[in-house]
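See below for the structure under consideration.
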Amino acid sequence: MVLRVFVASLSGSVTIKKRQQDIVRFLEANKINFEEVDITMSEEQRRWMYKNIPQDKQPAQGNPLPPQIFNDDQYCGDYDSFFEAKESNTVFTFLGLKPNLASKQESEP
C-alpha cells in the first residue's frame with residue numbers, strides 16, 4: 001500500500017503551495033510513509049492523476065488542481081477533503097489507513 005500525494009512544484013499559486021505543504025507536514029509529523037509525485041515533472045503522472053479522480057470529484061471546469069491524495073490506485077481526496085478529515089479526527093480513515101496507536105517503546109540502558 002503506497003500513499004501518494006500529487007503536487008506541483010512549479011505552481012505560481014501561493015494557496016496551492018501552502019495546501020501541499022500542509023498535507024506533507026502532517027504526514028511527516030505523524031510518521032506516515034508517502035510518496036510525493038510532482039505532476040509538473042511527469043506528463044504521464046499528471047495524466048494518471050486526472051484520469052483516476054472519480055467523475056463526481058472533478059471540478060465543473062478545467063482540470064483538478066493539486067494536491068490530490070491516493071492510496072495505491074484508490075482516490076482519497078483533495079485538500080478540502082483532507083482538511084475536513086483532519087478537523088474531524090478521521091484522517092487515517094480518509095487515507096485508508098489503520099489508526100496509528102502511539103506506543104512508545106524506549107530501550108533502557
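The values are calculated or read from the model by the stated rules, or taken from the named source; none is laboratory data. Here the structure is a predicted model, which means the values were calculated and not measured. Positions of Cβ are backbone-derived with ideal geometry, glycine not excepted, and every protein chain shown enters the neighbour counts. These accessible areas exclude ligands, DNA and RNA; they are computed on the full protein's heavy atoms, side chains included. Shrake-Rupley method; radii C 1.70, N 1.55, O 1.52, S 1.80 Å.
The GNM of the chain, with springs linking C-alpha atoms under 10 angstrom apart, assigns the highest mean-square fluctuation among 61, 74, 21 to 61. Mean residue ellipticity, 222 nm, helices only, the chain: the sum of -39500 (n - 2.57) across DSSP H runs of n ≥ 4, divided by residue count and rounded to 500, is -11000 deg cm²/dmol.
Here the Karplus relation 6.51 cos²θ - 1.76 cosθ + 1.60, evaluated at θ = phi - 60°, turns the backbone of segment 78-93 into coupling constants of 9, 5, 4, 5, 4, 4, 4, 5, 5, 5, 9, 6, 10, 4, 5, 5 Hz, with x for every Gly and Pro.
Overall, the anisotropy analysis places segment 56-96 in the oblate class: the square-rooted eigenvalues a ≥ b ≥ c of its C-alpha gyration tensor yield a/c not less than 1.5, with a/b not exceeding b/c. Scanning the chain for trypsin sites (Lys or Arg not before Pro) that sit in a DSSP loop and have at most 13 other Cβ atoms within 10 Å, the longest stretch containing none of them is 32-103.
Across the alpha-carbon set of the chain, the Rg to Rh ratio works out to 1.02, Rh being the Kirkwood radius. Summarising the strand pairing of the chain, around 65 percent of its internal DSSP beta bridges are antiparallel. Considering only 56, 72, 22, the Gaussian network model of the chain with Cα springs below 10 Å gives its largest mean-square fluctuation to 56. Note on the chain: with a GNM built from Cα contacts shorter than 10 Å, the maximum mean-square fluctuation among 37, 14, 24 falls on 14.
To put it simply, the accessible area of the chain at a 1.4 Å probe is 46 percent carbon and sulfur. When only the Cβ of Lys, Arg, Asp and Glu is charged (+1, +1, -1, -1), the dipole of the chain relative to its Cα centre reaches about 160 debye. Based on Cα contacts under 8 Å between residues 6+ apart, segment 1-65 shows a relative contact order of 38 percent. In plain terms, the chain from residue 97 to residue 33 could stretch by 22.0 nm, reckoned as 0.36 nm per residue minus the Cα-Cα distance.
Take every pair of alpha-carbon atoms less than 8 Å apart whose residues are at least six positions apart; their mean separation over the length of the chain yields a relative contact order of 30 percent. Accessible surface area normalised per residue over the chain is 70 Å², counting heavy atoms of protein chains with a 1.4 Å rolling probe.
Across segment 29-36, computed HN-Hα scalar couplings (Karplus, 6.51 cos²θ - 1.76 cosθ + 1.60, θ = phi - 60°) run 4, 9, 6, 9, 5, 8, 10, 8 Hz from first to last residue, x flagging Gly and Pro.
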